[in-house]
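Q: Got a structure here, written out as structure tokens. Questions coming.
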Amino acid sequence: MLGQLLLQAAMGVGVAALVWVIALVLHRALRIPRASRGFWLAAWFLAVLPGPLALALQALLASTAAVPAPMLIELGELSESIGVASIAAQASATSPGPWLLPLLALIYLCGAGVLGLRWLRGLRVLRRLLRQARPLPLDDLPGPLSSSEWRCLRGQGIDLVQVEAPISPFALAWPQLRIVLPTPLMRRLDDQQLMMVLRHEAEHLQHHDPQWTALLRLGGMLLWFNPFIAAIARRACLAAELRCDTAAIGTKKNMRRAYAAAYLETLRMSANRALACPVAAFSPQDLETHKMRIDHIVNGDARTRKHPLLQLMLGSFALSGGLGLAVVQASTTLLPAGPVVFSGPIIEGRITSHYGTVRPNINQRAHNGIDLAAARGTPVHAPAGGVVLVATTNYEPAPNYGSVIVLDHGDGWQTLYAHLDSVDVTVGERVASGQSIGRLGSTGQATGPHVHVEVHHQGTRVDPASVIASPVASK
């Protein structure tokens with residue numbers, strides 16, 4: 001389970017890195033406008049969705065893989081006899097495996113928790129700020145341009161409020177459409193500049209930017225360990241800001257420098273005070289981002305909007321690419337192709353009963369596996385990768401086996417592990433070679449702690465010692 005989780009996480013980072021590089025190349029080669037938020041949102045989904053799609057595909061493959069595989073275990077009564085009196089008194093073997101998964105889970109939860117607490121802190125600051133907000137009356141506006149924009153926004157059902165805090169303007173979509181303007185900034189801007197700021201925020205609301213930003217933040221919080229997801233999300237947010245800047249300026253080139261001056265004025269006023277949660281017109285960004293926005297405001301973007309046919313082609317490429325990446329990511333859980341290679345050790349202990357041994361004091365039948373003895377609770381490791389067919393504490397075909405795990409390794413190979421003290425895998429789960437699958441015990445009919453191991457190929461039992469190199473390791 002641990003190996004599978006680590007592999008999926010590594011695959012997710014690799015997929016996101018590939019998408020990030022391809023997006024950068026396409027953005028430059030096709031001269032896609034810098035304000036094309038849809039392009040970066042498609043890249044973000046292309047980087048994020050293969051993981052969930054791969055999990056869904058894995059579940060489907062696991063459910064179909066576990067059903068048709070035949071059970072190759074005889075229903076006859078199992079009898080073993082092993083001398084384990086001295087071994088049972090030994091201390092349980094230790095392994096880093098049981099501790100590593102909880103440790104990684106703790107690290108993941110801490111990372112997500114820090115980002116979640118930061119988000120909640122921003123929301124708390126926002127709530128406190130909104131409690132101080134008061135409606136923005138028409139008489140407080142400096143001239144006819146901003147007044148006309150005020151009437152237009154009010155007609156669209158957008159509330160306009162003002163606060164005394166020296167922060168950046170921002171727009172909210174919940175619980176109602178609202179634009180929040182800082183009073184100190186309104187005193188510094190003229191009629192034309194304030195009108196453009198209102199247009200900028202209205203453009204955010206028209207394109208549902210607050211909702212998209214919340215989704216990007218949530219994805220970044222859940223996938224905080226993936227830096228490429230965060231990089232793509234930043235480009236999507238920047239593209240949204242550039243699009244809103246373009247809408248605020250409109251077609252009049254003489255308004256560019258006035259809007260750039262408003263941008264710089266807001267940066268000076270709201271330095272180190274910008275909110276972290278809302279979609280803000282002048283959200284905190286690095287120096288290079290500020291330079292790009294100012295250049296885009298003053299000089300515009302020579303890149304034109306792409307033809308709808310090209311947009312359709314790019315969308316189709318993103319969809320097919322996402323499905324392809326999901327299949328590749330999910331394929332890491334499929335049975336390995338080619339010959340199956342078994343390698344030990346299965347446990348740290350010793351072999352106490354070999355395959356084919358006849359024990360008259362128990363029964364007259366030859367032993368159909370090997371018995372590996374160690375202290376109760378010793379980890380039992382898979383000798384090869386495979387899919388879990390059986391993982392139960394009550395094995396009905398042979399109740400004397402106690403707790404049983406059966407693995408299907410492909411190419412007709414199956415292995416069985418009986419008398420386990422605990423089962424650490426689930427039916428349909430993909431396990432890796434060397435992965436701990438359970439704990440050695442004495443469930444069922446057993447004279448002491450051990451694991452009974454059987455190997456089957458094409459429905460026929462074979463000697464496990466003949467195919468598993470070093471089934472045990474000395475302590």
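Q: Just give me the residues in the stretch 390-407 being at pLDDT 90 or above and either within 24 Å of Val340 (Cβ to Cβ) or in contact with a His (Cβ under 6 Å, 6 or more places away or on another chain) (or both), in sequence order.
A: Within the stretch 390-407, Val390, Ala391, Thr392, Tyr401, Gly402, Val404, Ile405, Val406, Leu407 qualify.
Q: Of everything in the stretch 205-228, what is under 10 Å from the mean Cα position of the chain (by Cα) and either buried (at least 21 other Cβ atoms within 10 Å of the Cβ) or assigned to a helix (DSSP H, G or I) (or both)? Give them in sequence order.
A: Once the filter is applied, which keeps residues that are under 10 Å from the mean Cα position of the chain (by Cα) and either buried (at least 21 other Cβ atoms within 10 Å of the Cβ) or assigned to a helix (DSSP H, G or I) (or both), the stretch 205-228 yields Gly219, Gly220, Met221, Leu222, Leu223, Asn226.
Q: Name the residues in the stretch 448-475 that are part of a loop (DSSP other than H, G, I, E, B), on the phi < 0 side of the Ramachandran plot and surrounded by fewer than 17 Cβ atoms within 10 Å (Cβ to Cβ), would you?
A: Correct list: Asp463, Ser474, Lys475.
Q: Would you check which residues across the stretch 438-447 are within 16 Å of Thr392 (Cα to Cα), part of a loop (DSSP other than H, G, I, E, B) and hydrophobic (A, V, I, L, M, F, W, C) and list them? Explain how you work it out, then say what you get.
A: Taking the stretch 438-447 first, the residues within 16 Å of Thr392 (Cα to Cα) are 438-445.
From what's left, part of a loop (DSSP other than H, G, I, E, B): 442-445.
Across the stretch 438-447, there are no qualifying residues.
Q: With Gly428, Gly412, Gly444 as the choices, which residue is surrounded by fewer than 20 Cβ atoms within 10 Å (Cβ to Cβ), on the phi > 0 side of the Ramachandran plot and either out of contact with any Leu (no Cβ under 6 Å at 6 or more places or on another chain) or at pLDDT below 90 (or both)?
A: Gly412
Q: Being in contact with a helix residue (DSSP H, G or I) (Cβ under 9 Å, 6 or more places away or on another chain), farther than 29 Å from Gln176 by Cα, modelled with pLDDT under 85 and in a helix (DSSP H, G or I): is that true of Ala261 here?
A: No, not satisfied.
Q: Right, something else. Would you say Pro210 is at pLDDT 90 or above and touching a strand residue (DSSP E or B) at 6+ places or on another chain (Cβ under 7 Å)?
A: For Pro210, the condition - at pLDDT 90 or above and touching a strand residue (DSSP E or B) at 6+ places or on another chain (Cβ under 7 Å) - is met.
Q: Only one of these is free of Cβ contacts under 8 Å to residues at least 60 places away in the same chain, closer than 24 Å to Leu172 by Cα and among the aliphatic types (A, V, I, L, M): Leu141, Leu126, Leu106. Name it.
A: Details: Leu126 fails: free of Cβ contacts under 8 Å to residues at least 60 places away in the same chain; Leu106 fails: closer than 24 Å to Leu172 by Cα.
After applying the criteria, what remains is Leu141.
The values are calculated or read from the model by the stated rules, or taken from the named source; none is laboratory data. Worth saying up front: this structure is predicted, and the values here are computed from it rather than measured. Counting neighbours? That spans all protein chains shown, and the Cβs are built from the backbone with ideal geometry, glycine included.
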